[in-house]
Amino acid sequence: MDMYIQPDYEVVRNTDRCIACRVCERQCANLVHSYDPDTGKMKADSSLCVNCHRCVCLCPTHALKIVKTDDTYKINANWSNQTINEVYRQANTGGVLLSSMGNPKEYPVYWDKMLVNASQVTNPPIDPLREPMETQLWLGKRSAPVERDEKGRLKNTLAPQLKLKVPILFSAMSYGSISYNAHESLARAAQELGTYYNTGEGGLHKDFYKYGANTIVQVASGRFGVHKDYLETAAAIEIKMGQGAKPGIGGHLPGAKISADVSETRMIPQGVDAISPAPHHDIYSIEDLRQLVYSLKEATDYKKPVFVKIAAVHNCAAIASGIARSGADVIAIDGFRGGTGAAPTRIRDNVGIPIELALAQVDERLRAEGIRDDVSIVVGGSIRSSADVVKAIALGADACYIGTAALLALGCHLCRSCHAGKCNWGIATQRPDLVKRLNPDIGYKRLVNLVTAWNHEIQEMMGGMGINSVEALRGNRLMLRGVGLTDTELSVLGIKYAGQSV
Amino acid sequence: MSLREGQFRNPSGCAIVGVIDRSGKTMTGEGMILASEVMHDRSNGLGGGFAGYGIYPHYKEFYAFHLFYDGKGAQAETEAFVGRHFEIVYSSEIQTRKLPSVKNEPLIFRYFLAPLPRKLANSHLDEREYVARCVNRINAEISGAYVFSSGKNMGIFKGVGYPEDIGRFYRLEEYEGYAWTCHGRYPTNTPGWWGGAHPFGLLDFSIVHNGEISSYDANRRYIEMFGYKCTLQTDTEVITYIIDYLVRKRGLTLDEAAHVIAASFWSTIADKDPESRERETLLRRMFPSLLVTGPFSIILGYTGGLMALNDRLKLRSMVCAEKGDKAYISSEESAIRRIEPDLDKIFAPAGGEPVVYELYKGGRD
């Protein structure tokens with residue numbers, strides 16, 4: 001360890017409660033806890049602690065807590081402890097700082113500055129316990145010609161669409177970045193919920209082909225794990241152009257996480273870092289994207305919708321307009337708070353824009369150009385609750401991707417150390433002894449519970465607005481009002497201020 | 001100065017009523033006046049209006065424009081515009097009757113028009129689209145002028161006041177048509193502008209509507225992609241545009257359009273026979289953003305017919321009735337009984353199920 005850097009968090013043990021059962025020691029892959037046979041007591045090295053709370057949760061006598069240290073450098077509003085530590089760290093290693101999960105910095109969260117409407121007197125709220133309340137929808141192109149058969153009946157001229165029973169999908173997380181058991185949990189939950197999970201750029205494990213009808217497979221710049229069966233098994237294909245946590249760069253899976261199984265699934269060597277390039281080297285412009293979209297459609301006989309996922313960046317409205325004209329069926333936009341298994345800290349914390357603003361602008365642009373029906377919009381990064389989902393749909397999204405929330409459901413405590421590969425919760429690791437801690441029978445059920453609970457809450461909020469189909473909420477911006485926002489923010493979001501009538 | 005319709009969103013409760021004689025025999029507007037009078041308390045004196053079909057048999061080949069003008073300047077500007085785009089076959093001020101209860105009326109004029117053939121040909125537009133665009137241009141670009149009726153052999157008459165007073169103001173007992181609709185308005189804000197009253201019309205479509213739709217902005221933002229401008233910010237306006245888009249521009253039948261606007265629930269569709277299931281699923285998948293939620297009852301008037309439609313939960317009252325060749329639609333049964341006490345049949349249509357009454361010889365052109 002770097003002698004300059006003191007731990008951010010301290011492990012505090014209540015020695016009256018501790019029975020030295022050594023559960024904490026066995027549970028900690030970071031080797032924080034140890035047993036001192038001389039004193040018969042447990043010890044802890046806080047400098048190794050990532051604050052994942054595994055030991056706290058499993059301590060049978062509730063003897064443990066993790067606290068923010070009160071050790072501090074001389075207080076400086078410009079040079080925070082963390083900023084100083086990062087300088088020390090880089091001075092020691094000469095390396096790029098790495099981080100995991102979403103941007104934790106104090107940027108505005110626009111979801112929390114928008115409020116939802118409800119019906120009073122002039123139209124009735126609708127009670128979801130007593131009336132149908134539809135959260136089912138279809139994703140994909142809706143622009144199709146009206147044609148009739150010889151009997152005058154409408155012909156189905158629609159391009160393939162995806163049917164979702166809930167407006168929530170699990171976002172891309174690769175096998176490799178997360179574990180086999182995490183993937184199994186997501187796949188089984190997607191199947192039971194009538195929605196989809198996404199392979200990320202890590203290929204599809206052979207055991208999970210049976211969940212193909214609920215699987216979106218990703219084609220990313222490294223092309224890891226992409227082959228004919230992979231494409232054909234999926235319900236839809238997603239071209240990953242970018243990721244909210246690290247716009248403008250490719251992926252990085254440390255060699256330590258590339259086990260034999262991961263290696264086989266990704267079709268890459270074992271134990272060697274898997275680095276996907278920043279761009280797709282066959283896509284240097286929008287016309288190239290069109291070729292990849294149609295290559296994938298050709299390869300799958302035009303039977304599957306193609307998603308194109310981009311990071312939310314400054315010019316995303318124009319980019320989305322280009323994508324909508326490229327043959328893509330769905331645009332996925334990932335906000336700058338989206339999670340990751342590993343990203344350079346500076347990029348995660350400084351590049352990209354909030355998903356709320358990106359979504360509002362993309363939806364508005366596509367409507368202004370009359371092409372909103374050519375694509376569906378799915379947003380993620382970060383959707384934290386059913387209220388965020390409702391607000392996203394009212395701003396113009398068709399559905400939402402959730403990643404971090406899904407991992408939390410599986411036990412993740414947001415310690416942001418995925419890149420170390422020693423996830424004590426069995427999620428972001430490939431170590432068999434850790435992976436087995438995540439029981440997919442329990443994990444999938446917790447995911448189903450989470451999404452089911454959110455769906456109930458979405459229905460309650462929709463009912464309050466007098467809306468009984470999620471399709472009538474989509475883009476219904478009059479249902480939103482801003483608080484604590486500037487005129488510019490309101491105009492970018494395309495909403496009125498709270499208290500303003502129309 | 002108080003705000004005009006279109007400068008704010010103005011939800012209203014309302015009374016609606018309509019009648020058609022399917023044999024094509026005509027009747028005066030008096031019946032609608034009597035029917036709306038019974039439902040006086042469903043309006044609050046801030047808007048009333050009527051649509052009559054078959055009322056201009058001598059000019060049935062021409063588009064009948066009804067216009068409100070704030071002043072002579074707007075009129076001159078509009079007439080210059082109309083003259084550049086149409087042959088004006090006949091024009092006059094619409095005859096009205098002064099009533100103490102009807103105040104602040106604008107100038108109200110009527111024109112019978114035929115598109116100038118050369119202009120129409122050069123525009124590369126279908127004739128109806130050409131006319132619709134001219135209407136939109138007058139309403140959007142000429143301050144103080146408002147086209148509130150633009151169909152052939154039909155006319156809308158509306159204003160600020162109770163519907164029975166507005167009907168008498170326009171002397172509707174002197175017009176004869178085979179179908180009539182009427183609207184009494186209960187806005188929750190003060191419009192004060194005659195253009196904001198209902199029915200709302202576009203070409204021969206007219207809509208009277210009771211409700212406050214919760215899908216408004218989703219519908220508005222969608223339909224505006226196709227060149228419509230929802231300048232009045234009313235439910236009626238957006239529903240009219242939706243029907244115009246689906247039926248006139250996309251070629252759906254009225255029944256199909258009804259199943260887009262008031263689509264059956266997915267759970268209901270799942271229980272239907274395979275052909276209906278396929279058809280309704282397809283319509284919902286193609287036009288999900290035109291689903292209208294929240295309470296509404298509407299009567300769509302068009303050449304040769306009336307269509308009644310409730311929201312899919314039937315959150316607004318609406319009954320239909322028949323007597324011989326005549327068919328009636330109303331917010332309240334009492335209004336129908338006022339003009340026809342002895343009915344052959346009366347029923348409340350289910351939510352989302354359109355009821356269509358057309359001339360025996362068929363509706364629409």
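The values are calculated or read from the model by the stated rules, or taken from the named source; none is laboratory data. Just so you know, these numbers come straight off a predicted model, no measurement behind them. Note: ideal-geometry Cβ built from the backbone for every residue, glycine included; neighbour counts use all protein chains shown.
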Looking at A:Val306, A:Val330, A:Val313, A:Val351, which one is in contact with a Gly (Cβ under 9 Å, 6 or more places away or on another chain) and farther than 30 Å from A:Cys412 by Cα?
-> A:Val306
Considering region B:283-310 alone, what residues qualify as being in contact with a strand residue (DSSP E or B) (Cβ under 6 Å, 6 or more places away or on another chain), of a type in the set (A, V, I, L, M, F, W, C) and either within 8 Å of chain A (Cβ to nearest Cβ) or outside any strand (DSSP E or B) (or both)?
-> B:Leu291
Filter region B:331-365 for residues that are touching a strand residue (DSSP E or B) at 6+ places or on another chain (Cβ under 9 Å), under 22 Å from B:Asp204 (Cβ atoms) and touching a residue at least 60 places away in the same chain (Cβ under 8 Å) and give the result.
-> B:Pro354, B:Val356, B:Tyr357, B:Glu358, B:Leu359, B:Gly363, B:Arg364, B:Asp365
How many residues does region A:246-281 hold that are part of a loop (DSSP other than H, G, I, E, B) and on the phi < 0 side of the Ramachandran plot?
-> 19
Based on what the data block shows, is A:Gly203 under 20 Å from the mean Cα position of the chain (by Cα) and surrounded by fewer than 23 Cβ atoms within 10 Å (Cβ to Cβ)?
-> no
Among the listed residues A:Ser386, A:Ser382, which satisfies the condition of being polar (S, T, N, Q), surrounded by fewer than 24 Cβ atoms within 10 Å (Cβ to Cβ) and away from chain B (no Cβ under 14 Å)?
-> A:Ser386
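Looking only at residues that are surrounded by 23 or more Cβ atoms within 10 Å (Cβ to Cβ) and of a type outside the set (Gly, Ala, Ser) in region A:165-179, which one is nearest to the other protein chains (Cβ to nearest Cβ)?
Selected residue: A:Pro167.
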For region A:173-219, what are the residues that are more than 26 Å from A:Ala328 (Cα to Cα) and among the aliphatic types (A, V, I, L, M)?
-> A:Ile178, A:Ala182, A:Ala189
How many residues of region B:270-307 are among the small types (Gly, Ala, Ser), under 17 Å from B:Leu252 (Cα atoms) and either without any contact (Cβ under 8 Å) to a residue 24 or more places away in the chain or out of contact with any Asp or Glu (no Cβ under 7 Å at 6 or more places or on another chain) (or both)? The answer is 2
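For (1) surrounded by 20 or more Cβ atoms within 10 Å (Cβ to Cβ); (2) more than 11 Å from every other protein chain (Cβ to nearest Cβ); (3) farther than 30 Å from B:Val147 by Cα, each residue gets a yes or a no:
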| site | (1), (2), (3) |
| --- | --- |
| B:Ile239 | yes, yes, no |
| B:Leu246 | yes, no, no |
| B:Lys249 | no, no, no |
| B:Glu256 | yes, no, no |
| B:Ala263 | yes, no, yes |
| B:Trp266 | no, no, yes |
| B:Ile269 | no, no, yes |
| B:Asp273 | no, yes, yes |
| B:Arg277 | no, yes, yes |
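Condition check ((1) buried (at least 16 other Cβ atoms within 10 Å of the Cβ); (2) within 18 Å of B:Asn153 (Cβ to Cβ); (3) modelled with pLDDT of 95 or more; (4) touching a Pro at 6+ places or on another chain (Cβ under 9 Å)) across all residues:
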site: B:Tyr56; (1), (2), (3), (4): yes, yes, yes, no
site: B:Lys60; (1), (2), (3), (4): no, yes, yes, no
site: B:His66; (1), (2), (3), (4): yes, yes, yes, no
site: B:Lys72; (1), (2), (3), (4): no, no, yes, no
site: B:Gln75; (1), (2), (3), (4): yes, no, yes, no
site: B:Thr78; (1), (2), (3), (4): yes, no, yes, no
site: B:Leu107; (1), (2), (3), (4): yes, no, yes, no
site: B:Glu127; (1), (2), (3), (4): no, yes, yes, yes
site: B:Val131; (1), (2), (3), (4): yes, yes, yes, yes
Residues that are in a loop (DSSP other than H, G, I, E, B), away from chain A (no Cβ under 14 Å) and crowded, with 24+ Cβ neighbours inside 10 Å, drawn from region B:192-237 | B:Ala197, B:His198, B:Pro199
Please tell me if A:Gly494 is touching a residue at least 12 places away in the same chain (Cβ under 8 Å) and crowded, with 23+ Cβ neighbours inside 10 Å.
-> no
Every residue from region B:310-331 that is under 22 Å from the mean Cα position of the chain (by Cα) and surrounded by fewer than 19 Cβ atoms within 10 Å (Cβ to Cβ) | B:Lys314, B:Ser317, B:Glu322
Does region B:92-102 include one or more residues that are part of a helix (DSSP H, G or I) and surrounded by fewer than 14 Cβ atoms within 10 Å (Cβ to Cβ)?
-> no
Given (1) touching a Ser or Thr at 6+ places or on another chain (Cβ under 9 Å); (2) buried (at least 18 other Cβ atoms within 10 Å of the Cβ), A:Leu450 misses just (1)
If you take the residues of region A:475-502 that are part of a helix (DSSP H, G or I) and not hydroxyl-bearing (Ser, Thr, Tyr), which of them is nearest to A:Met462 (Cα to Cα)?
-> A:Met479
Filtering region B:315-331 down to residues that are modelled with pLDDT under 95 and not hydroxyl-bearing (Ser, Thr, Tyr), which residue is farthest from A:Arg130 (Cα to Cα)?
-> B:Arg316
Look through region A:237-257, keep the residues that are of a type in the set (A, V, I, L, M) and surrounded by fewer than 23 Cβ atoms within 10 Å (Cβ to Cβ), and return whichever of them is modelled with the highest pLDDT.
-> A:Met241
Please work out which residue is surrounded by the most Cβ atoms within 10 Å (Cβ to Cβ), limiting yourself to region A:221-236 and to residues that are closer than 21 Å to A:Ile310 by Cβ and in contact (Cβ under 8 Å) with a residue 60 or more places away in the chain.
-> A:Ala234
Has region A:423-433 got at least one residue that is within 14 Å of chain B (Cβ to nearest Cβ) and either in a loop (DSSP other than H, G, I, E, B) or under 24 Å from A:Gln161 (Cα atoms) (or both)?
-> no
Near pairs, Cβ below 6 angstrom, 6+ apart or cross-chain, from region A:467-484 (without any contact (Cβ under 8 Å) to a residue 60 or more places away in the chain and at the interface with chain B (Cβ under 7 Å from one of its Cβ atoms)) to any residue that is among the β-branched types (Val, Ile, Thr) and assigned to a loop (DSSP other than H, G, I, E, B) | A:Ala472/B:Thr293
Filter region A:134-162 down to residues that are at the interface with chain B (Cβ under 9 Å from one of its Cβ atoms) and under 29 Å from A:Leu410 (Cα atoms) and give me whichever is surrounded by the fewest Cβ atoms within 10 Å (Cβ to Cβ).
-> A:Gln136
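Residues are listed down the side, and each one gets a yes or a no for (1) at pLDDT below 95; (2) closer than 25 Å to A:Ala245 by Cα:
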| residue | (1), (2) |
| --- | --- |
| A:Asp8 | yes, yes |
| A:Asp16 | no, no |
| A:Arg22 | no, no |
| A:Arg26 | no, no |
| A:Ala29 | no, no |
| A:Lys41 | no, no |
| A:Leu48 | no, no |
| A:Lys65 | no, no |
| A:Trp111 | no, yes |
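Tell me, please, whether a residue that is surrounded by fewer than 18 Cβ atoms within 10 Å (Cβ to Cβ), touching a residue at least 24 places away in the same chain (Cβ under 8 Å) and not assigned by TED's automatic domain parsing to the domain that holds A:Arg416 can be found in region A:24-41. It would help to see each step written out before you state the result.
Step one: of region A:24-41, the residues surrounded by fewer than 18 Cβ atoms within 10 Å (Cβ to Cβ) are A:25-26, A:31, A:34-41.
Filter once more, so that each one left must be touching a residue at least 24 places away in the same chain (Cβ under 8 Å): A:41.
If we keep only those that are not assigned by TED's automatic domain parsing to the domain that holds A:Arg416 too, we end up with A:41.
The answer is yes, given that some residue of region A:24-41 is surrounded by fewer than 18 Cβ atoms within 10 Å (Cβ to Cβ), touching a residue at least 24 places away in the same chain (Cβ under 8 Å) and not assigned by TED's automatic domain parsing to the domain that holds A:Arg416.
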